[in-house]
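Asker: Quick one: this structure, given as structure tokens, is what I'll be asking you about.
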Amino acid sequence: MRQSHLFTKTKKEVPKDEASKNAQLLIKAGFIYKEMAGVYAYLPLGLRVLEKIKQIVREEMDAIGGQEFIMTSIQRKELWEKTDRWNDENVDVWFKSSLKNGTEVGFGWSHEEPITELMKQYLTSYRDLPTYVYQFQTKLRNELRAKSGIMRGREFIMKDMYSYSLDEAQHQTFYDATIEAYLKVFARVGLADDTFVTFASGGAFTQFSHEFQTITDAGEDVIYINREKHIAINEEVMNDTVLKELGVTREELEQVKTAEVGNIFNFGTVKCEQLGLSVVDADGKSIPVFLGSYGIGITRLMGVLVEHFSDENGLVWPEAVAPFQIHLVSLCKDAIDIKKADALYTQLHESGIDVLYDDRDARPGEKFADSDLMGMPVRVVISPRTLEKGEVEIKYRTSGDEKHVALTAVMTEIQ
């Protein structure tokens, strides 16, 4: 991508009502556009980050047997009435509307009910189990507060997966496998050390759940952790019974502020019984199916990464999710030097390296400030001064380390 072709521009100002650090930086760097509170458009750079996060999640879900598909966001009222989750007293985040014929519909905040209804067409025998499906879906939640940028949106992208198992043992095996897969996801995006599997309330889903909470001052949750035992408990379920079950005392725990980046729920057979999903077992008996639900907020995870890794100069993307691996910044003005900068860009691009090429006619200070703000892992500067020595200057965004490398050795250094 040539930066001169990018329709987005960096900004000095952000919307006056935007208080969150993650949204402020993403708006200034040209990654997102704010439509209204809790609703954002993802611009080319922001979309590249989202797609890289999605691909990491996709790979780990596929590795444990997940099959990707996609459902509609439009929900049938009667389906959710069967599980008593259409009622606003039980679920207070619905967006609801009516079709032209007067039929009431909702817009999906979760998908357990419609996916379980779909599965009634395909799961009839114990031989059909287990089955695991997942999607990347736009969710809509009518949040009372939407002040944390993309970490709490009224519209957001979620990876939600659902497991259908024959019995509790089969369900538990996959539940445990999902915990490990989630931890791999968070490790791959650079959050391994500060993300904890947390015992929590199930809210509108189940009595209890497991959350994946990442330590950040921008978070809305408070959890208690024991780093040595890697045990974490959400403040909302902290009591003597839970402490005893987990084998820790209150004195052993440290209070920290966190943001939830994933969660998993065990519904047992309740949901499938309510919706009439059963299979015939080996003895010819009809039995209900065990359901598990597993979510990762893709856009929220992007916001947490911004909060976690940014610095006073702007965004600092981990290599695995950066929109581009290299930011090639040209300070060349003469045609002969521009030709050399273009050649380096072509070489990097044709070698399969994601590279953003700042070929704009702009001042060096502006280019460097924009580069710091946008946060690519590696900046390569080519200029008349470096070309005199047959070199380029390379700077690593995370460490701040700089070095000069021969133009002929750039590919070796980058690789």
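The values are calculated or read from the model by the stated rules, or taken from the named source; none is laboratory data. Everything quoted here is computed from the prediction, not taken from an experiment. Neighbour counts run over all protein chains shown; Cβ positions are idealised from the backbone, glycine included.
Asker: Identify the single condition in (1) modelled with pLDDT under 95; (2) assigned to a strand (DSSP E or B) that Gly203 does not satisfy, given that it satisfies every other one.
Answerer: Of (1) modelled with pLDDT under 95; (2) assigned to a strand (DSSP E or B), only one is false for Gly203: (2).
Asker: Separate question: If I filter the stretch 86-105 for residues that are in a helix (DSSP H, G or I) and either modelled with pLDDT of 95 or more or within 21 Å of Ile115 (Cα to Cα) (or both), do I get at least one hit? Even if it seems obvious, please write down each step before you answer.
Answerer: Our first condition is that a residue be in a helix (DSSP H, G or I); within the stretch 86-105, this holds for none.
The answer is no; no qualifying residue exists.
Asker: What strands (runs of 3 or more DSSP E) completely inside the stretch 250-346 contain at least 1 residues that are modelled with pLDDT under 95 and in the same structural domain as Val410 (by TED's automatic domain parsing)?
Answerer: On the way: elements: 254-268, 278-280, 286-288, 290-297, 326-330.
Those strands (runs of 3 or more DSSP E) do not exist here; none qualify.
Asker: Within the stretch 65-84, can you find the residues that are part of a loop (DSSP other than H, G, I, E, B), out of contact with any His (no Cβ under 8 Å at 6 or more places or on another chain) and not acidic (Asp, Glu)?
Answerer: Residues of the stretch 65-84 part of a loop (DSSP other than H, G, I, E, B): 65-66, 69-73, 82-84.
So of that shortlist, the ones also out of contact with any His (no Cβ under 8 Å at 6 or more places or on another chain) come out as 65-66, 69-70, 72-73, 82-84.
Those that are part of a loop (DSSP other than H, G, I, E, B), out of contact with any His (no Cβ under 8 Å at 6 or more places or on another chain) and not acidic (Asp, Glu): Gly65, Gly66, Phe69, Ile70, Thr72, Ser73, Lys82, Thr83.
Asker: Out of everything in the stretch 117-170 that is basic (Lys, Arg) and assigned to a loop (DSSP other than H, G, I, E, B), what residue ends up being nearest to Leu291 (Cα to Cα)?
Answerer: First pass over the stretch 117-170, keeping only residues basic (Lys, Arg): 120, 127, 139, 141, 145, 147, 152, 154, 159.
Then keep just the ones that are assigned to a loop (DSSP other than H, G, I, E, B); that gives 120, 141, 145, 147, 152, 154.
On the way: Lys120: 13, Arg141: 23, Arg145: 31, Lys147: 33, Arg152: 26, Arg154: 26 Å.
Checked the stretch 117-170; the qualifying residue nearest to Leu291 (Cα to Cα) is Lys120.
Asker: Let me ask something additional. Determine which single condition Asp176 fails, assuming it passes every other condition in (1) farther than 24 Å from Met302 by Cα; (2) surrounded by fewer than 19 Cβ atoms within 10 Å (Cβ to Cβ); (3) in contact with a Phe, Trp or Tyr (Cβ under 6 Å, 6 or more places away or on another chain).
Answerer: That leaves (3) as the condition not met.
Asker: For the stretch 139-149, check the following and say yes or no: at least one residue is of a type in the set (A, V, I, L, M) and either in contact with a Leu (Cβ under 6 Å, 6 or more places away or on another chain) or under 23 Å from Ile56 (Cβ atoms) (or both). Walk me through it before giving the result.
Answerer: Looking only at the stretch 139-149, we keep the residues that are of a type in the set (A, V, I, L, M), and these are 140, 144, 146.
Filter once more, so that each one left must be either in contact with a Leu (Cβ under 6 Å, 6 or more places away or on another chain) or under 23 Å from Ile56 (Cβ atoms) (or both): none.
No; the residues of the stretch 139-149 include none that is of a type in the set (A, V, I, L, M) and either in contact with a Leu (Cβ under 6 Å, 6 or more places away or on another chain) or under 23 Å from Ile56 (Cβ atoms) (or both).
Asker: Take the conditions under 22 Å from Ile298 (Cβ atoms), under 18 Å from the mean Cα position of the chain (by Cα) and surrounded by fewer than 18 Cβ atoms within 10 Å (Cβ to Cβ) and apply them to Asp193. Does it pass?
Answerer: Working: under 22 Å from Ile298 (Cβ atoms): yes; under 18 Å from the mean Cα position of the chain (by Cα): yes; surrounded by fewer than 18 Cβ atoms within 10 Å (Cβ to Cβ): yes.
It is true that Asp193 is under 22 Å from Ile298 (Cβ atoms), under 18 Å from the mean Cα position of the chain (by Cα) and surrounded by fewer than 18 Cβ atoms within 10 Å (Cβ to Cβ).
Asker: Could you list, in sequence order, the residues of the stretch 47-86 that are charged (D, E, K, R), under 16 Å from Leu301 (Cα atoms) and in contact with a Pro (Cβ under 8 Å, 6 or more places away or on another chain)? Working first, answer last.
Answerer: Residues of the stretch 47-86 that are charged (D, E, K, R), as a first pass: 48, 51-52, 54, 58-60, 62, 68, 76-78, 81-82, 84-85.
Filter once more, keeping what is under 16 Å from Leu301 (Cα atoms): 48, 51-52, 54, 58, 60.
Arg48, Lys52 - these are the residues of the stretch 47-86 that are charged (D, E, K, R), under 16 Å from Leu301 (Cα atoms) and in contact with a Pro (Cβ under 8 Å, 6 or more places away or on another chain).
Asker: Under the condition of being touching a residue at least 24 places away in the same chain (Cβ under 8 Å) and assigned to a loop (DSSP other than H, G, I, E, B), which residue from the stretch 8-30 is surrounded by the most Cβ atoms within 10 Å (Cβ to Cβ)? Let's see the steps before the verdict.
Answerer: Taking the stretch 8-30 and keeping what is touching a residue at least 24 places away in the same chain (Cβ under 8 Å), we get 8, 10, 18-26, 28-30.
Then keep just the ones that are assigned to a loop (DSSP other than H, G, I, E, B); that gives 8, 10, 18-20, 29-30.
Details: Thr8: 15, Thr10: 16, Glu18: 17, Ala19: 12, Ser20: 20, Ala29: 25, Gly30: 20.
By that ranking, first place goes to Ala29.
Asker: Within the stretch 318-371, can you find the residues that are of a type in the set (Ser, Thr, Tyr) and either crowded, with 17+ Cβ neighbours inside 10 Å or within 17 Å of Arg385 (Cα to Cα) (or both)? Step through it out loud before you land on a result.
Answerer: Filtering the stretch 318-371 down to residues of a type in the set (Ser, Thr, Tyr) leaves 330, 345-346, 351, 357, 371.
Correct list: Ser330, Tyr345, Tyr357, Ser371.
Asker: Whether any residue in the stretch 39-60 is assigned to a loop (DSSP other than H, G, I, E, B), farther than 28 Å from Ile115 by Cα and modelled with pLDDT under 95 is what I want to check.
Answerer: Our first condition is that a residue be assigned to a loop (DSSP other than H, G, I, E, B); within the stretch 39-60, this holds for 43.
Next, from what is left, pick out any that are farther than 28 Å from Ile115 by Cα: 43.
Subset that is modelled with pLDDT under 95: none.
Checked the stretch 39-60: no residue is assigned to a loop (DSSP other than H, G, I, E, B), farther than 28 Å from Ile115 by Cα and modelled with pLDDT under 95.
Asker: Right, next: Can you name every residue in the stretch 364-403 that is small (Gly, Ala, Ser) and in a helix (DSSP H, G or I)? Lay out the reasoning, then the answer.
Answerer: Going through the stretch 364-403, the residues small (Gly, Ala, Ser) turn out to be 365, 369, 371, 375, 383, 390, 399-400.
Once the filter is applied, which keeps residues that are small (Gly, Ala, Ser) and in a helix (DSSP H, G or I), the stretch 364-403 yields Gly365, Ala369, Ser371.
Asker: State whether the residues of the stretch 213-225 include one that is acidic (Asp, Glu), in a helix (DSSP H, G or I), in the same structural domain as Asp88 (by TED's automatic domain parsing) and over 11 Å from Phe265 (Cα atoms).
Answerer: The first filter runs over the stretch 213-225 and keeps only residues acidic (Asp, Glu), leaving 217, 220-221.
When the remaining residues are screened for being in a helix (DSSP H, G or I), the result is none.
No, every residue in the stretch 213-225 fails to be acidic (Asp, Glu), in a helix (DSSP H, G or I), in the same structural domain as Asp88 (by TED's automatic domain parsing) and over 11 Å from Phe265 (Cα atoms).
One line per residue, one yes/no per condition, for (1) among the aliphatic types (A, V, I, L, M); (2) more than 22 Å from the chain's Cα centre (by Cα):
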| position | (1), (2) |
| --- | --- |
| His210 | no, no |
| Thr214 | no, no |
| Asp221 | no, no |
| His230 | no, yes |
| Leu246 | yes, yes |
| Glu251 | no, yes |
| Val256 | yes, no |
| Glu260 | no, no |
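Asker: Please determine, by comparing only the residues of the stretch 288-313 that are in contact (Cβ under 8 Å) with a residue 12 or more places away in the chain and surrounded by fewer than 20 Cβ atoms within 10 Å (Cβ to Cβ), which one is nearest to Thr10 (Cα to Cα).
Answerer: Initial filter on the stretch 288-313 (in contact (Cβ under 8 Å) with a residue 12 or more places away in the chain): 288-310, 313.
Okay, now just the ones that are also surrounded by fewer than 20 Cβ atoms within 10 Å (Cβ to Cβ), so 288, 309, 313.
On the way: Pro288: 55, Phe309: 19, Asn313: 13 Å.
Step by step, filter the stretch 288-313, then rank; the result is Asn313.
Asker: Return a yes/no flag: does the stretch 171-194 have any residue that is in a strand (DSSP E or B) and either over 30 Å from Ala19 (Cβ atoms) or among the charged types (D, E, K, R) (or both).
Answerer: Here is the first cut: in the stretch 171-194, the residues in a strand (DSSP E or B) are none.
No, there is no match, as no residue in the stretch 171-194 is in a strand (DSSP E or B) and either over 30 Å from Ala19 (Cβ atoms) or among the charged types (D, E, K, R) (or both).
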